[in-house]
Amino acid sequence: MNSLKANQVIETFSLKAKTKSQLGLGKLLLLGMMAGAFIAIGYLAFVRVAGTVPKSWGSFSTFLGACLFPIGLIAITFLGGELVTGNMMILTFGFLKKQLTLVAVIKNWVLVLLANCLGGALFGLLFGHLVGLTEGDFAAKTIAIATAKLADSPSAMIISGVGCNILVGMAIFLAAMSQDFFGKVIGVWFPIMIFVVCGFQHVVANAFILTAAVLAGGHFSASALVLNILLVFIGNAIGGALGLAVPVYYANRESAVVSTTESPESIKQVIVNE
């Protein structure tokens with residue numbers, strides 16, 4: 001299986017970061033809502049599978065649901081979309097390579113977050129509530145997941161967000177290293193499955209499940225919902241930027257300088273849309 005080197009991916013991401021930061025508001029909103037909906041599809045599949053497994057199966061139900069969850073990021077990789085957790089890593093590479101300013105990075109993160117949350121929440125309203133896919137027999141599971149997310153302490157939410165986005169960033173990076181369809185799928189699949197099995201918190205996924213839980217009859221205060229999104233966003237940002245992008249950048253900085261003979265065409269072969 002052919003794969004690109006880490007420094008090639010870093011170079012591609014740094015250039016992609018500049019493009020992402022210059023997206024028009026309309027296109028950013030569309031791509032952000034798409035990504036939020038794609039992540040929600042994966043979470044909905046998780047709920048539908050895990051919600052029907054007998055309690056005697058224990059954590060195996062989580063594993064089964066986790067096997068389906070990666071479809072969200074796989075769809076973004078091939079169909080397009082702006083995902084804030086992916087941008088937390090990608091735009092950090094751009095900042096480190098002096099392709100864009102810190103203000104541009106943070107502005108992109110905030111706008112994409114809003115678009116992602118809108119897409120995820122709208123998906124929860126339309127398919128979870130109106131179609132009833134998180135209602136009825138699945139309401140208890142939906143509410144239980146949301147309750148567990150909100151029950152974490154503020155520090156736990158942040159740390160869980162850090163762990164989550166180290167794995168999400170890893171998935172995006174591994175997918176970018178591969179130059180074929182199945183390699184990209186495998187690159188995404190295992191890190192995402194692991195973060196779901198571990199129960200780490202992902203801000204965009206939370207936007208869907210919290211919305212679905214409220215509509216399914218869960219009683220949560222608005223302040224608790226907003227605080228969770230804010231703290232998990234902070235944790236995800238730390239994980240994607242400081243937990244993954246910065247160490248990977250400096251670990252491969254020397255090889256990036258040495259590899260000046262790499263073909264530009266080979267670098268352009270990285271196709272990833274997170």
Would you list Cys164, Cys67 from fewest to most Cβ contacts within 10 Å?
Cys67, Cys164
Would you kindly give the portion of the calculated P(r) for the stretch 6-268 that falls above 35 Å, as a percent of all Cα pairs?
14 percent
Among Leu25, Leu167, Leu111, whose mean-square fluctuation peaks in a Gaussian network model of the chain (Cα, cutoff 10 Å)?
Leu25
Which of the pairs Lys27/Lys107; Lys16/Lys184; Lys18/Lys184; Lys5/Lys27 have their Cα atoms more than 20 Å apart in this structure?
Lys18/Lys184; Lys5/Lys27
Note down the net charge around Leu111, summing +1 for each Lys or Arg and -1 for each Asp or Glu among other residues with Cβ under 13 Å from its Cβ.
+2
Helix 154-177 vs. the chain, principal-axis angle (Cα, 0 to 90°, nearest 10)
50 degrees
Highest-fluctuation residue, Gly65, Gly163, Gly217 considered, GNM on the chain with Cα pairs under 10 Å
Gly217
Quick one: check the C-alpha center-to-center distance for the stretch 164-238 versus the stretch 7-71, whole angstrom.
7 Å
For the stretch 6-268, what relative contact order do you get, as a whole percent, if you take Cα pairs closer than 8 Å and at least 6 residues apart?
29 percent
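The numbers here are math on the coordinates, done by the rules we state, and not lab data. Here the structure is a predicted model, which is why all the values come from computation and not from measurement. Neighbour counts run over all protein chains shown; Cβ positions are idealised from the backbone, glycine included.
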